Structures are given as C-alpha cells and as structure tokens.
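Following: one structure in structure tokens, then a few remarks.
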Amino acid sequence: MNDNKTPRERASAMPGPVDDASAAVRTLHYNVDDRPFIVIWEVTRACALACAHCRADAITCRNPEELDTAAGFDLLDDLAALGAPRPIVVLTGGDPFERPDLAELVRHGSEAGLTMALSPSVTPRLTSDALVELRAAGASAVSLSLDGATPATHGAFRGFDGVYVSTIQAAETVRDAGLRLQINTTVTRSNAHELPELLRTVIELGAGLWSVFFLVPTGRGDHLTPLDAAEVEDVLVWLGSVADRIPIKTTEAPHFRRVAVQRAEAGGDDPPGYVPGPLGLQLRAATLPEPSVPESRPSGRRIGGGRVRPPLDVNAGRGFAFIDHVGEVYPSGFLPLSVGSVRSQAFTEIYRTSPLLRSLRDADQLKGRCGRCEYRSICGGSRSHAFAVTGDPLAEDPTCVHQAPEGAS
Ligand code: SF4
C-alpha cells in the first residue's frame, strides 16, 4: 500500500465491517509499556481433571508454595494502584475453584477497582451457589472450555466422559448467575474440522466471546498435533469470515489481526492471494449461512448482530502477562521464560523494567519474517510458538504463512 501511514495507523483507520466503522484492529489508548491490559494469574495448579492439552500440567493437590491469600491481596493491590484504566485480572488454574479463598480474592480485587474474571474447570465444585457467591463478590465473567462439537471429541480432550454435557449445563449456570460467558476452544488437527459446529454451539450457549486457542506444544499438549501454518491461515481466514456472528479473539495466533486488516483492505473479502487449503474448503462447506443461526440467543440478545468486534492489539509481554501459582511472572502462560517473581519485586515493576518484556514490546527487535513484516507493530507473531520451535522468543512465528513484500518494513 502506497501511503504515508504506518500499519498501526492503517489498522486503526480502515474502512470495512468493523464495530465503530473506524478500526480493523482495536488499539489501546494508553502506553502498554506502563501497564498491561490483562493479567492472567494461575492461583493454583490443582485440578480434578486431566485434560490432554493442559498448559499447567495440572496436579491433584495444591502446592504449599502457592501465593497465599495475603500475597494474593498484595498482588491485587499492586495492580489496582496503577489507577484507571486498571488491568483485567483473570484467575485461572489448574482449577481456581480448588482454592477456598477464591471469593475473598475476587472480592478484594473487585473492591480495589479491578475487573475480575474466572477460568474454572467444569467439575462438581462449579455449582450455581458458588457462582452466585462469586458474582456477589464482584466477578464479572467466566470462561469455560469447549474443545469439541460432540461429547466424544470434547471428552477425549478433557480425559473424562460426560464432561461435554456438564459444560453445556455449566454455561447455562454461568449466565443464570449473571456472569458474562466466554467459551475457550483449543484447536488441533483432531478437532479443527468441527469448528463450524462449535461456532453454532457457542452462539446458542449465549457466549459473549469465543476465544480460539492455537495449541502450543507445552505441558500435556506436547503430544497433540498442532495445525501447520497453512491450516492456521485457513482457520484464521474462516474465523474472519464468521466474526460478524459472535465476537472472536485468538490466543497464540496474533496474525488474526493481520488477517483482519487484510480483510478490511479487501472490502470484507479474503486476504489478497489467499487460496483455501483442504481445511479451509472443509470449513467453508460446513458453515451454514448466517440466517440459519438463531436470531434470538438463549440470553435474549443477538451477539454478533452482523457487526464485527475488531481483535485487540495485545501480545505476550505487550499488554499481557501471566503469573504462575508460585508468583513467577511470564510474558504468557505458554512462553516459559520467567522475568521475575512477585515475591521479591512488585509485578508492576517487573512488567515495566524486564529486559525481555521490553524487547517483546519493541516490534523492531523481531527477527526473520516477523522482523521484516509490515504488520509487525499490530501483530508481532506468537512469541510462544516462536520460542517452542526455535528457543528464541524474538524469532519469526512459524505458524504464520505471511511473507512481506519486497521492500516492506
Ligand atoms: S510474519 Fe509475523 S508479524 Fe507478520 S503477520 Fe505473520 S506472525 Fe504477524
């Protein structure tokens, strides 16, 4: 493109099917060097399930070295002291419901002005009473995992029979408790073909957001088969084509933002030069037309409404950080390079000063195709996939097919 604008400026001024008619990618209106947009805190690794792709390699008992309630309060106070706009805090695991002080943590964060969300496992602990208590404590949203369109596929991921039905019921319980529902789906070779059916299910469940995660081979997930780069592109382009039906975010596939910009540049069509592969053709063939999606969701509102909520420009260490159960800080939960511990240093200080996080926030330090890419400032590639394959967190993202045109920068 021959204008004087940077890719970031083009992304935020792109005509097309976007929610405010002015952006293909949402960018933060503050300096991400100063504060994250979202912090994921793994409050425990304990979990009753044994999911095939668990990042945490969850265990059945809580680790006595976990951050305790007082240390958790200190962490939340540190985040709240940033002032508005304060980060969103997601309590994850393992299963956060394994912690008896969960409601206390939620209440403390919420009263300090933080937006508190939860990412529990679907176990007998996830009861209506527990969710109502957490809602009363100030929790705003809950995400549940649904990795298959059938009980067999989802059960195989989760390692338990019957968990598909439990998840569908839990989704209803979450909504009934007045909490916003997010559905998380991990995509691998074994379930990618089920995405169109999953889309219908996620919409029918009344979810406000579908988070599609592209498997990074860490934890128990290292024996599952991730998609190759061409298949990832097929999925991202397909997700772009259905993003008017429900808000969609991707995890460990920031090039969804590159696809969003390219689709906007193409007037809502496929990115220039894209030719669907076998998976892309399969996804298109299995996608029912929009009118077949119910107008009225279970929650009584139309989610997508024919308008697209542009993906948000955050990435590992750049608006995003992960804190593990013993207080170590990472750029993401899938990038196992600790940048410090909240036991010895305030999280906010670690986030602002860590040399690794600072380099991850500097798109000009990226290498290979990402370093030459005209979209690097609004994408940056999955640093976790780069590290998993090369051992270098700044290397090119091997899950992206994009080749910058000659002379692009
Ligand atoms: S080459 Fe890297 S920066 Fe460019 S779109 Fe792909 S992943 Fe993003």
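Each reported figure results from applying straightforward, stated rules to the coordinates on display, with no laboratory input. Bear in mind that the values here come from a model prediction, so they are computed numbers and not experimental data. Cβ atoms come from the backbone with ideal geometry, glycine included; neighbour counts cover every protein chain shown.
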Cα lying deepest toward the dipole's positive end in the chain, options Ala70, Ile59, Gly380, charges on Cβ: Gly380
Extreme residue, positive dipole direction of the chain, given options Val90, Ser211, Leu236 (C-beta unit charges): Leu236
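Arrange the following residues from fewest to most other Cβ atoms within 10 Å of their Cβ: Ser241, Ser121, Ser382. Walk me through the intermediate numbers first.
Details: Ser241 18, Ser121 26, Ser382 29.
Final ranking by Cβ density, sparse to dense: Ser241, Ser121, Ser382.
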Sorted by Cβ density within 10 Å, fewest first, the residues Cys370, Cys379, Cys47, Cys61: Cys61, Cys47, Cys370, Cys379
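Average the reciprocal distances over every distinct pair of alpha-carbons in the range 52-142, invert the result, and give the Kirkwood radius in Å.
Working: mean 1/r = 0.0728 Å⁻¹.
After inverting the mean inverse Cα-Cα distance, the result is 13.7 Å.
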Alpha-carbon radius of gyration plus Dmax, which is the widest Cα pair, for the chain in Å: 20.2, 59
Paramagnetic reach from Asp392 in the range 327-344 [backbone N under 18 Å; point 7 Å along Cα→Cβ]: 336-337
Where labels lie 7 Å past Cα in the beta-carbon direction, separation of Ala152 and Glu133 in nm: 3.9
Taking Lys249, Lys367 and counting other C-beta atoms within 10 Å, the order from fewest to most: Lys367, Lys249
Distance histogram for the range 132-244 (every C-alpha pair counted, 10 angstrom bins, percent rounded to whole numbers): 14, 43, 33, 10, 1
In nm, spacing of pseudo-spin labels at Ile59 and Asp228 (7 Å Cα→C-beta vector): 3.9
Farthest toward positive dipole pole in the range 309-395 [+1 Lys/Arg, -1 Asp/Glu at C-beta], among Gln345, Thr390, Ala321: Thr390
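Rounded to the nearest 20 debye, what is the charge dipole size of the chain about its Cα centre when +1 sits on each Lys and Arg Cβ and -1 on each Asp and Glu Cβ? Walk me through the intermediate numbers first.
On the way: 40 positive and 51 negative charges, 120 e Å.
About 580 debye.
For Cα pairs less than 8 Å apart in space and 6+ apart in sequence, what is the mean separation divided by the residue count of the chain, i.e. the relative contact order in percent? Intermediate results must be reported in sequence, preceding the final value.
Working: 846 pairs, mean separation 78.4, N = 409.
This gives 19 percent for the chain.
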